[in-house]
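I have placed the structure first, in the form of structure tokens, so that the comments after it can refer back to it.
The values are calculated or read from the model by the stated rules, or taken from the named source; none is laboratory data. Treat the numbers as computed from the prediction; the structure is a model and nothing was measured. No Cβ is skipped: glycine too gets one built from the backbone with ideal geometry, and neighbour counts run over all protein chains shown.
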Amino acid sequence: MTSPAGSWTQRRAKWRRYRVGRTLTYVGIFLYLPVMVALTLAFKAVGWGDDALMWIAGVWMSACVVNGLWFTTFRCPECGKRFFPMGANWIAPSNDWGSKCRHCGARAPA
């Protein structure tokens, strides 16, 4: 059995992972286009081919997909159920932009 302090420490670490995952997901999505435009201009100025750019774009998109899938399957540290329950279809959770658990109403501490 864990002590209340250990339990709180574990919950706090899970909430921290939630915040990091959320930040990485949003940063990855919103910075994709500006970074790719800047890299395209830089690669054209240097005279490099488009192959490197395609690899960078593929890795970036793959990382965004993997992190987004992890983020949408996050389990609430308070109740243990999925923070974002599945919606009408398997790819779009019904609470994907929400900031509180659909089951217990817990919010990530500041």
Considering the range 65-110, residues that are among the aromatic types (F, W, Y) and assigned to a loop (DSSP other than H, G, I, E, B), and then whichever is modelled with the lowest pLDDT, we arrive at W90
Does G28 count as more than 22 Å from R107 (Cα to Cα) and either touching a residue at least 12 places away in the same chain (Cβ under 8 Å) or surrounded by 14 or more Cβ atoms within 10 Å (Cβ to Cβ) (or both)? yes
Q) Quick check, is R75 of a type in the set (D, E, K, R), loosely packed, with under 15 Cβ neighbours inside 10 Å and within 23 Å of H103 (Cα to Cα)? A) yes
